Amino acid sequence: MTNHSQDNLLDLAKDFAQQGQKQKAIDSLEEALRMGFDIKIALELSKLYRQTGQEDQAYAVIKTVPDLFSIEQVLDEYEKVLAANHYLIEALQVRNLTQGELEFLVEAAKPSEQRTIMQQFRSSKAVTLSQYQELFKLDLPTYLAFAQSVLIDPLEDSTVKVALTEDLVKLGREEEFTITILGQNHVFVPKEVPMLNQDTVYKEVITAIAGKFHNRPSELPLYLAEANFALGKLYPCQKTFISNPDAFAKDLLNFLQKKPVYSYQKLLEKIYSKNAG
């Protein structure tokens, strides 16, 4: 629910928009949104971003809406934003995640733009979020082939591999993919893989670490971040490497605190090696 100041800014934005001063309308809505999130403000801002050729900004705004599917106006704007950005891959994820109930009309970018997207991704020393999102503009066969090439690249950052793997999971792909983990190739089927934070090994490791710091909550975020880093290095094949999550959690903490490690010394050395992909 909006407050009085937000209502005034909404009215001001509408006046500016009617006068054709869309940038001033955007400025008013951005200020209103900074005062607190509201779906009505987010929708108006997303629409204006689209109308002024700022599709990426429209995407960033619409994705802040907690539920994209339950409100008709939000769903309609979400589809328009995906179409404006040519985010075909995300549209296909929506179709899979809703079991075909939602099928958005979204086209991939032109082939020449797709080639540029892949070249820029490959030439980047550190992939940014915007560069990663550009991959959603690829057509499906190109996306799948490119994703496979990235997953087997031993030099690619593990966070990128986690993101790509989870996007393949969202697509519900049933074919086998190969991923290089700690220098070795492993095969997985995305449809059979959970998201990282929904995996049983992940949950058990995180729970075990959280239990160690119930009396020292200020230290917990640091070690949870390290656990996410370590498990991300092994995703989606954690079960291949970790048979005892409690022991792994204990050894991870000991390793980080430079204490004796028992069951997972070699694995942790590989995970934290500078050469580990």
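The values are calculated or read from the model by the stated rules, or taken from the named source; none is laboratory data. The structure presented is a predicted model; accordingly, all values stated were derived computationally and were not measured. FYI the Cβ positions are ideal-geometry reconstructions off the backbone, even for glycines, and counts take in every protein chain you see. Note: accessible area is taken over every heavy atom of the protein model, side chains too, but ligands, DNA and RNA are not part of it. Shrake-Rupley method; radii C 1.70, N 1.55, O 1.52, S 1.80 Å.
Segment residue 37..residue 98, full-extension length gain: 19.3 nm, with 0.36 nm per residue of separation and the alpha-carbon distance subtracted.
Using 0.36 nm per residue and subtracting the Cα-Cα separation, the extra length available between residue 15 and residue 72 on full extension is 18.0 nm.
When the accessible area of region 91-156 is computed with all protein chains present and a 1.4 Å probe, what percentage of it is carbon and sulfur? Carbon and sulfur: 54 percent of the exposed surface of region 91-156.
Could you tell me how far the Cα centroid of region 94-153 sits from the Cα centroid of region 168-196, in Å? Their Cα centres are 16 Å away from one another.
Cross-link reach is defined here as a Cα-Cα straight distance under 14 Å, omitting same-chain residues fewer than 8 places apart; for residue 266 the aspartates and glutamates meeting it are 251.
Net charge dipole, region 144-231: roughly 320 debye, given to the nearest 20, about the Cα centre with Cβ charges of +1 for Lys and Arg and -1 for Asp and Glu. Work out the charge dipole of the chain with +1 on the Cβ of Lys and Arg and -1 on the Cβ of Asp and Glu about the Cα centre, then indicate which of 256, 165, 99 is farthest towards its positive end. Among 256, 165, 99, the one farthest towards the positive end of the dipole of the chain is 256.
For region 75-218, the solvent-accessible area with a 1.4 angstrom probe is 52 square angstrom per residue. Here region 22-66 exposes an accessible surface that is 46 percent carbon and sulfur, computed with a 1.4 Å probe and the other protein chains kept in place.
Working from Cα pairs under 8 Å separated by at least six residues, relative contact order for the chain is 11 percent. Helices in the chain, meaning DSSP H runs of at least 4 residues, each add -39500 (n - 2.57). Divided by all residues, the mean residue ellipticity at 222 nm is -18500 deg cm²/dmol. With 23 Å as the limit on Cα-Cα distance, the pairs of 22/80; 191/212; 110/161; 40/63 that go past it are 191/212; 110/161. In units of the compact-protein estimate 2.2 N^0.38 Å, region 83-155 shows a Cα radius of gyration of 1.14. Exposure check, 1.4 Å probe, all protein chains in place: residue 127 carries approximately 40 Å² of accessible surface. Looking at region 199-258, the trypsin sites (Lys or Arg not before Pro) that sit in a DSSP loop and have at most 11 other Cβ atoms within 10 Å of their own Cβ are 258. Among 35, 195, the sequence by solvent-accessible area, most first, with a 1.4 Å probe is 35, 195.
Charging the Cβ of each Asp and Glu at -1 and of each Lys and Arg at +1, and nothing else, the dipole of the chain about its Cα centre rounds to 1180 debye. Modelled label positions at residue 207 and residue 229, each set 7 Å beyond Cα in the direction of Cβ, lie 2.6 nm from each other.
Computed about the Cα centre, the dipole magnitude for region 36-137 is approximately 560 debye when only Lys and Arg (+1) and Asp and Glu (-1) carry charge, each at its Cβ.
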